[in-house]
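The values are calculated or read from the model by the stated rules, or taken from the named source; none is laboratory data. This one's a predicted model, so the numbers in the text were calculated from it and none came from an experiment. With ideal geometry, Cβ positions are generated from the backbone for all residues, glycine too; neighbour counts draw on all protein chains shown. For the accessible areas, the whole protein counts, side chains as well, though only heavy atoms, and no ligand, DNA or RNA atoms are used. Shrake-Rupley method; radii C 1.70, N 1.55, O 1.52, S 1.80 Å.
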Amino acid sequence: MHAITYELIHKDKFSRARAGILHTPHGDFLTPIFMPVGTQATVKSISPDELEELGAGIILSNTYHLFLRPGADLIEEAGGLHKFMHWNHGILTDSGGFQVFSLGELRKITEEGVTFRSHIDGSKKFLSPEISIEVQMKLGSDIAMAFDECIPYPADYNYTKESTERTHRWAERSLNAEKRNDQGVFGICQGGMYFDLRQHSAETLSEMDFDGFAIGGLSVGEPKNLMYEMLEVSTKYLPEDKARYLMGVGTPDHLIEGVARGVDMFDCVFPTRVARNGLAMVSPSTSAKGRLVMKNSCFTHDHEVLEKNCNCYACRNNFTRAYIRHLIRADEIFGLRLLTLHNLYYLQNFMRRMRESILADEFNNFREEFFSYCD
């Protein structure tokens, strides 16, 4: 009996876009879905109640960071991540692989796992598929991720093949590790920027009894068209009856193109990170680039809300662009909170509208209308 199941509700008649329901121990969530990132057991500057109000269903937390601080044992002692952070909805934890491999010279890869130096205090640490799963079991997330090797861009064919095969062996070890009955595990497809390796990885992982599948190693610096090509071949060879998750992607254009290729789940720090830098996400019909840089002087006397007809906390309470610009320029925390709330609401609403277009077999119209404003 799988703890995580995916129910396909409808496939758009004119594209590969699909709408479904992800069933988890902490609720059922409509897909396609965007998952806000709560790296260290919190979505930066936002309370759980605010996340719930803006419509977030599943959030992502980071195994690497929680492994280092405060430690999985302490979180287990507190009753698991849901109780520790007071979030009673879905939680997905990544495996820590991406963060470990981002450390560069501070880590060493072997078949057994990865030895690395903590970015916090320089202490020596070790992660393997078994340890990563053990940590995620203690965290108690609904969805744990298999430990994988994230391939940089660019990378030559031989290295990419060797790394991808190691990811497959680590995937088997992740599956065979001791797990909880109320937690699912997703495998992660790799393959770099090579069509045959992407296909091979998707087919190999599909033969394993994972609860869902992620596509990793994309949006790591490659051109957009190459990313979409690799995504296309990856999803083509993944099972239709399980969820597909594109890791680390969260700009509206990437979300649309991911959904167009059959992706169900997304996560990214983009909406919260740019909010802290003073950027508001808006419809491209509001701004040609779909964003407002609130530090710009053109908003000094602008007494309109960030976006008309937006029902986020900032817009429905008539906090104006002029006021938010003042807060950002004055380094007031309330300014970045307002932008964070707005950006997360914008993406949740964006995904809801995209789902509605799929159910009505109008996804291609939604897609074309969006990009028509971007030209």
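Taken over the range 255-271, the criterion of being under 13 Å from the mean Cα position of the chain (by Cα) and open to solvent by 10 Å² or more (accessible area, probe 1.4 Å) is satisfied by Asp267, Cys268, Val269, Phe270. Here Ala280 passes the criteria (1) closer than 26 Å to Gly57 by Cβ; (2) free of Cβ contacts under 8 Å to residues at least 60 places away in the same chain; (3) in a strand (DSSP E or B) except the one numbered (2).
Residues in the range 213-253 that are touching an Asp or Glu at 6+ places or on another chain (Cβ under 8 Å) and on the phi > 0 side of the Ramachandran plot: 1 in all. The residues on offer are Glu77, Glu111, and the sole one that is touching a residue at least 40 places away in the same chain (Cβ under 8 Å) and over 30 Å from Ile256 (Cβ atoms) is Glu111.
Of all the criteria given as (1) charged (D, E, K, R); (2) within 30 Å of Phe213 (Cβ to Cβ); (3) open to solvent by 70 Å² or more (accessible area, probe 1.4 Å), the one not satisfied by Lys289 is (2).
The lone criterion from (1) in a loop (DSSP other than H, G, I, E, B); (2) in contact (Cβ under 8 Å) with a residue 60 or more places away in the chain left unmet by Met208 is number (2).
Of everything in the range 79-98, what is open to solvent by less than 40 Å² (accessible area, probe 1.4 Å) and not in a loop (DSSP other than H, G, I, E, B)? Give them in sequence order.
Leu81, His82, Met85, Gly90, Ile91, Leu92, Thr93, Gly97
Taken over the range 302-355, the criterion of being among the small types (Gly, Ala, Ser), within 22 Å of Arg273 (Cβ to Cβ) and surrounded by 14 or more Cβ atoms within 10 Å (Cβ to Cβ) is satisfied by Ala314, Gly335. When the residues of the range 227-254 are filtered to those that are in contact (Cβ under 8 Å) with a residue 40 or more places away in the chain and in a helix (DSSP H, G or I), the one that is nearest to the chain's Cα centre (by Cα) is Pro252.
Scanning the range 2-30 for residues that are out of contact with any strand residue (DSSP E or B) (no Cβ under 9 Å at 6 or more places or on another chain) and open to solvent by less than 60 Å² (accessible area, probe 1.4 Å) returns a single hit, Ser15.
Residue pairs whose Cβ atoms lie under 8 Å apart, separated by 6 or more positions or on different chains, with the first residue in the range 38-63 and more than 19 Å from Gly79 (Cα to Cα) and the second in a loop (DSSP other than H, G, I, E, B) and open to solvent by 20 Å² or more (accessible area, probe 1.4 Å), are Glu52/His89; Ala56/His89; Gly57/His89. Could you look through the range 115-140, keep only residues that are among the polar types (S, T, N, Q), part of a loop (DSSP other than H, G, I, E, B) and surrounded by fewer than 19 Cβ atoms within 10 Å (Cβ to Cβ), and pick out the one that is nearest to the chain's Cα centre (by Cα)? If we take residues in the range 115-140 being among the polar types (S, T, N, Q), part of a loop (DSSP other than H, G, I, E, B) and surrounded by fewer than 19 Cβ atoms within 10 Å (Cβ to Cβ), then Ser118 is nearest to the chain's Cα centre (by Cα). Can Ala171 be described as outside any helix (DSSP H, G or I), of a type outside the set (Asp, Glu) and under 23 Å from Ser201 (Cβ atoms)? Criteria not met by Ala171.
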